[in-house]
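So the structure is just underneath, and the comments pick up after that.
The values are calculated or read from the model by the stated rules, or taken from the named source; none is laboratory data. What you see is a predicted model; the values in this text were computed from it and never measured. Every residue, glycine among them, receives a Cβ derived from its backbone with ideal geometry; neighbour counts consider all protein chains shown. Side chains are part of the model used for accessible areas, which takes the heavy atoms of the whole protein and leaves out ligands, DNA and RNA. Shrake-Rupley method; radii C 1.70, N 1.55, O 1.52, S 1.80 Å.
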Amino acid sequence: MHAELADAGRALAAAGLVTAFGHVSVRTADDRLLMTPPVPLGTLGPGARYAEVPLEAADLPEGTPREAWIHVEIARARPGVRAVCRAQPPTATALASAGAPILPLHGQGAFLGPEVPVFDDAVLVRDRARGRALAERLGEAPALIMRGNGAVTVGASVGEAVALMWVLEASARMNAAAAAAGTPVPITPAEQEAWRGVRSELSARIWAYLRESS
């Protein structure tokens with residue numbers, strides 16, 4: 001799992017989705033997570049120290065990013081989520097600040113649902129209560145924009161969570177270009193459903209591409 005988290009960090013950095021900040025976690029058991037340390041994700045190597053975070057802990061373990069409450073509360077609310085990715089996709093963040101929705105304008109964009117929800121609170125999520133509020137806003141969606149503060153994606157694996165962050169930024173760029181040219185028109189609900197049926201398969205291919213590219 002350590003190697004996969006390191007791969008995730010390098011892939012996110014190479015894709016321009018994280019800089020000095022960002023973190024990724026993976027569920028190691030029903031009641032705990034393994035999480036990247038508070039260092040630039042692109043620098044993760046064999047000697048990196050990862051923190052194990054119990055979901056019911058009153059305080060975060062030493063060496064854990066303070067925003068680990070995001071990961072903890074999402075994992076508590078959604079037992080099926082195995083990994084959480086926190087990054088700063090620039091176009092997606094800008095669209096949320098402009099109040100512009102991110103809609104599924106192409107097939108892969110449908111992986112994110114009919115519209116990406118926005119957590120309308122730009123304060124850093126550094127306590128359990130705010131983490132719980134964020135998890136509630138995420139609901140059953142695979143992605144969420146944090147107004148003025150990046151985004152979160154979740155998946156059945158580290159690879160899927162990272163792939164969806166890449167898809168989120170690609171979809172945001174497409175939405176921005178479409179809005180500049182005219183009125184964005186989402187693909188139909190039936191088309192969206194068909195694409196969501198192959199999300200796992202295509203996310204695995206995106207993850208492989210991101211790993212190779214980093």
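Residues in region 6-49 that are in contact with a strand residue (DSSP E or B) (Cβ under 8 Å, 6 or more places away or on another chain) and of a type in the set (Lys, Arg): Arg27, Arg32.
Taking region 8-25 on its own, how many of its residues are within 17 Å of Val158 (Cβ to Cβ) and either charged (D, E, K, R) or open to solvent by 70 Å² or more (accessible area, probe 1.4 Å) (or both)? Walk me through how you get there before you give the answer.
Step one: list which residues in region 8-25 are within 17 Å of Val158 (Cβ to Cβ), which gives 8-15, 17-18, 22-25.
Among the residues that remain, those that are also either charged (D, E, K, R) or open to solvent by 70 Å² or more (accessible area, probe 1.4 Å) (or both) are: 10.
Total meeting the criteria: 1.
Checked against (1) outside any loop (DSSP other than H, G, I, E, B); (2) open to solvent by less than 20 Å² (accessible area, probe 1.4 Å); (3) in contact with a Ser or Thr (Cβ under 9 Å, 6 or more places away or on another chain), Arg173 meets all criteria but (2). Scanning region 48-74 for residues that are open to solvent by 70 Å² or more (accessible area, probe 1.4 Å) and closer than 16 Å to Met1 by Cβ, we see that the one that is modelled with the highest pLDDT is Glu52. Within region 96-133, the set of residues being farther than 18 Å from Ile187 by Cβ, surrounded by 22 or more Cβ atoms within 10 Å (Cβ to Cβ) and out of contact with any Asp or Glu (no Cβ under 6 Å at 6 or more places or on another chain) comprises Ala96, Phe119. Checked against the criterion of being under 18 Å from Trp207 (Cα atoms), in a loop (DSSP other than H, G, I, E, B) and hydrophobic (A, V, I, L, M, F, W, C), the candidates Val81, Val26, Val39 yield just one match: Val81.
For region 42-58, the set of residues classified as part of a loop (DSSP other than H, G, I, E, B) and farther than 17 Å from Ala75 by Cα consists of Leu44, Gly45, Pro46, Gly47, Ala48, Arg49, Tyr50, listed by residue number. Give the residue that is nearest to the chain's Cα centre (by Cα), with candidates limited to residues of region 26-47 that are open to solvent by 30 Å² or more (accessible area, probe 1.4 Å) and among the small types (Gly, Ala, Ser). Filtering first and then ranking leaves Gly42.
Kindly provide the set of residues from region 134-161 that are assigned to a helix (DSSP H, G or I) and either among the β-branched types (Val, Ile, Thr) or open to solvent by less than 40 Å² (accessible area, probe 1.4 Å) (or both), ordered by number.
Residues of region 134-161 assigned to a helix (DSSP H, G or I): 134-138, 158-161.
Result: Leu134, Ala135, Leu138, Val158, Gly159, Glu160, Ala161.
Could you tell me whether Ala87 is more than 13 Å from Asn175 (Cβ to Cβ), open to solvent by 50 Å² or more (accessible area, probe 1.4 Å) and either modelled with pLDDT under 95 or touching a Leu at 6+ places or on another chain (Cβ under 9 Å) (or both)? It is false that Ala87 is more than 13 Å from Asn175 (Cβ to Cβ), open to solvent by 50 Å² or more (accessible area, probe 1.4 Å) and either modelled with pLDDT under 95 or touching a Leu at 6+ places or on another chain (Cβ under 9 Å) (or both). Going residue by residue through region 186-199, is there one that turns out to be in contact with a helix residue (DSSP H, G or I) (Cβ under 8 Å, 6 or more places away or on another chain), at pLDDT 95 or above and part of a loop (DSSP other than H, G, I, E, B)? Checked against the condition, which is being in contact with a helix residue (DSSP H, G or I) (Cβ under 8 Å, 6 or more places away or on another chain), at pLDDT 95 or above and part of a loop (DSSP other than H, G, I, E, B), region 186-199 yields at least one hit.
Checked against the criteria, Trp166 counts as in a helix (DSSP H, G or I), closer than 24 Å to Met1 by Cβ and open to solvent by 30 Å² or more (accessible area, probe 1.4 Å). Among residues belonging to region 182-205 that are closer than 14 Å to Ser157 by Cβ and in contact (Cβ under 8 Å) with a residue 40 or more places away in the chain, point out the one that is most open to solvent (accessible area, probe 1.4 Å). Here the answer is Ser200.
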